[in-house]
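These notes are about the structure you will find just below.
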Amino acid sequence: MSDLEKREKGKALARTILKGSPPAPRVPKKFVDYNLEHLFGDVWQGDDLAIEERSLVTCTILVALNREAEQHIHFRAARNLGLPRERIEGMIIHAAHYAGWPVAASAFRVLAEVWPEDDD
């Protein structure tokens, strides 16, 4: 697949999963190209994991690393992909036992901001 094809696939996927996210800060074109062509055009669209699994793995890593800004983006992406809120909650509870209670508490706060319980 050409870089242009990967870029177009990446743009389409990014539009779907990033719907409702705040605008990204200005970054160099080369970084945008990597995101669209490689990350969203190739890695996120591989055959070895379903896109919902990739989303849950991404959210888990962001919780474990305590990356709150990115959790805002990817919790919303998980919702956009149709993952139930309960799966995200279960993941955070599971991650708490390996990554620590403080990161889980932070993740639940972010989840409440992005996806209020009464907003299903």
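The values are calculated or read from the model by the stated rules, or taken from the named source; none is laboratory data. Predicted model, so just to flag it, every value in this text is computed and none were measured. Every residue, glycine as well, gets a Cβ built from its backbone with ideal geometry; the counts of neighbours run over all protein chains shown.
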Residues within the range 16-30 that are loosely packed, with under 11 Cβ neighbours inside 10 Å and either within 24 Å of residue 68 (Cβ to Cβ) or modelled with pLDDT under 85 (or both), tallied: 6
Residue, modelled with the lowest pLDDT, within the range 73-120, restricted to residues that are within 18 Å of residue 19 (Cβ to Cβ) and among the charged types (D, E, K, R): 120
Qualifying residue in the range 57-70 (condition: polar (S, T, N, Q), more than 12 Å from the chain's Cα centre (by Cα) and not assigned by TED's automatic domain parsing to the domain that holds residue 19): yes
3 or more residues of a type in the set (Gly, Ala, Ser): qualifying helices (runs of 4 or more DSSP H) within the range 7-120: 68-80, 85-99, 101-114
